[in-house]
Each structure stands twice: as C-alpha cells, then as structure tokens.
1. Take segment 16-53 and flag every residue that is of a type outside the set (Gly, Ala, Ser) and over 15 Å from Ser66 (Cβ atoms).
2. Among what's in segment 15-44 and is within 17 Å of the chain's Cα centre (by Cα) and among the small types (Gly, Ala, Ser), pick the residue that is surrounded by the fewest Cβ atoms within 10 Å (Cβ to Cβ).
3. Within segment 68-90, can you find the residues that are more than 15 Å from Ala25 (Cα to Cα) and touching a residue at least 40 places away in the same chain (Cβ under 8 Å)?
4. Would you be able to say whether some residue in segment 69-83 is β-branched (Val, Ile, Thr), farther than 30 Å from Lys3 by Cα, assigned to a loop (DSSP other than H, G, I, E, B) and modelled with pLDDT of 85 or more?
Amino acid sequence: MLKVDQRHRLQRRLVVWAYRSIRWAQRRIPPGLRLLAGILFFIGGIFGFLPVLGFWMMPLGILIASTDIPPARRAMERWLGKTRRRLREEGKMIVANGPQQTTGDESSGD
C-alpha cells in the first residue's frame, strides 16, 4: 500500500500531467486533428500489451479528445479543478502536521 505522502505526490503528478497534456494539445494540434489523435491514442492504448504501444495511451487519448467535445471538456476541467483543490488542501494539512508528527525535539531558536 502507498503511504499518504506517496499517494499525494502521485495524485499531484497525475493532475499536473493532465493539465500539461491538455494545454499542449490545445496549442499544437488543430481541433479536428485533436479528436482524431485522441481516438487513435485510445485505440493504441487498447493494444497496450504490444511492445511499441502502452496502456498510458488510453487516458492521454481521452484527455486530448475531450478538448474538442464541450461537455467532456467541462467535465474534465471540473474534475481536474476539484482534484487540484483537494490535493492543495491535503498538502497544506500534510505540511502543517508533518513536522509535529516527525520530530519531537523542536527548539524555539532565536
């Protein structure tokens, strides 16, 4: 099982990766081609057991294709925003509670 810190880092990396993937696709790929590329990535992900392709292609395909479908784009942005807010709140809690849990001899210094 993953520890809370490891799970938090993994979720944060997933959200950052999703944002970067969406923004990259929106800037570099024309709209019709984005949908086609997203579908091709998803199909390639289905064959992820093959050496050249990988299962990582499925979520990337969904993210890229969702940028051209307004209801899917709104749902994805809502999910990413909600996840980002939750991770930010958890991060503050971990930072706030971390030193108190890990060290017992804090000096009050100057």
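The values are calculated or read from the model by the stated rules, or taken from the named source; none is laboratory data. The structure presented is a predicted model; accordingly, all values stated were derived computationally and were not measured. Cβ coordinates were reconstructed from backbone atoms using ideal geometry, including for glycine residues, and neighbour counts include every protein chain displayed.
1. Residues satisfying the conditions are Val16, Arg27, Arg28, Pro30, Ile43, Ile46, Phe47, Phe49, Leu50, Pro51, Val52, Leu53.
2. Among them, the one singled out is Ser21.
3. Of everything in segment 68-90, those that are more than 15 Å from Ala25 (Cα to Cα) and touching a residue at least 40 places away in the same chain (Cβ under 8 Å) turn out to be Leu80, Thr83, Arg84, Leu87, Glu90.
4. yes
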